[in-house]
Amino acid sequence: MTADATIPVARSRWMPPRLFLFYGVAGAVLHFTLAGPVLLRLRWLGAAVFVAGLALMLWGARCFARAGTTIKPFERTHTLVTSGPYRFTRNPMYLGIVAMLLGTALALGTPAPWLAAVGLAVTLQLRFIRHEERALAASLGEPYEHYRRSVPRWF
């Protein structure tokens, strides 16, 4: 793949923000319609995890904006962002939205929101992250490979 090749993720209406809403709504609807046993309900901790996830996502997006690169998964970037939350995780925006669903799961306590959070994480991994990593390796070369070896994918 050349540096100007496009990322092999087809443009779709099902980008991460919509997937977040889909899984979040699905988890909430199942929580309220099926109920189920309360596994673990920690409302304040759930709210804190949700807010922390939102902050992480926004911090990551702001770092991309400062670097002048796109947050859209299907657009090519020639900039490697390694500052801010990217020092600790290669995917702070994805980690942030998954954390928001984990916070919701903690607050609601039933199995459905937990499954929604796991479903979102798996979907992001399979649909976006693995393709993005290949495209970044192709376009950025050794600097990205060094970054990939030194910073974890999720946390």
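Here, each number is a calculation from the coordinates, and none is a lab measurement. Since the structure is predicted, the reported quantities are computational estimates derived from the model, not experimental observations. Here the Cβ positions follow ideal geometry from the backbone for every residue, glycine too, while neighbour counts run over all protein chains shown.
Stretching the chain fully between Ala47 and Trp59 yields a gain of 2.5 nm (0.36 nm per residue, less the alpha carbon separation). Sequence-distant contacts, meaning Cα pairs under 8 Å at least 6 residues apart, place the relative contact order of the range 40-150 at 35 percent. Ordering 123-133, 24-34, 96-106 by mean Cβ neighbour count within 10 Å, with the highest value first, yields 96-106, 123-133, 24-34. Using a/c under 1.5 as the rounded threshold, could you call the range 7-121 rounded, prolate or oblate? The axes a ≥ b ≥ c are square roots of the C-alpha gyration tensor eigenvalues, and prolate needs a/b larger than b/c, oblate otherwise. Since a/c reaches 1.5 but b/c is at least a/b, the shape of the range 7-121 is classed as oblate. How much length, in nm to one decimal, is gained on full extension between Thr79 and Arg134, taken as 0.36 nm per residue of separation minus their Cα-Cα distance? Additional length available on full extension: 18.3 nm.
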